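A.B. asks: Dropping the structure in here first, questions after.
Bear in mind these aren't lab numbers, they're just calculated from the coordinates by the rules spelled out. This is a predicted model, so every value here is computed, not measured. Cβ placement follows ideal geometry from the backbone for every residue including glycine, while neighbour counts extend to all protein chains displayed.
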Amino acid sequence: MGWEDLFRALALMLVFEGMMPFISPRGWRQTMQQASQLPDHVLRGIGLASMVAGVIVLTLAD
């Protein structure tokens with residue numbers, strides 16, 4: 001895996017991150033407001049689950 005792959009992955013992440021604010025700005029804003037009210041341990045759990053899912057997908061794709 002070289003730098004090109006890293007930059008492609010970053011670019012793809014930015015595309016996915018930008019889809020919801022572009023498609024539904026109001027819904028995205030409401031979701032972010034609700035997420036800001038969640039306790040830290042819940043946000044950490046969501047972050048951990050996301051990282052684990054990403055590692056699993058990377059492992060299966062390789």
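A.B. asks: State whether one or more residues within segment 37-59 are outside any helix (DSSP H, G or I) and among the hydroxyl-bearing types (Ser, Thr, Tyr). Give the derivation first.
C.D. replies: Initially, segment 37-59 is screened for residues outside any helix (DSSP H, G or I), giving 37-39.
Adding the requirement that they be among the hydroxyl-bearing types (Ser, Thr, Tyr) leaves none.
There is no residue in segment 37-59 that is outside any helix (DSSP H, G or I) and among the hydroxyl-bearing types (Ser, Thr, Tyr).
A.B. asks: Here is a follow-up. Tell me, which residue of segment 6-47 that is among the basic types (Lys, Arg) and surrounded by 10 or more Cβ atoms within 10 Å (Cβ to Cβ) is nearest to Leu58 (Cα to Cα)?
C.D. replies: Only one residue fits best here, namely Arg8.
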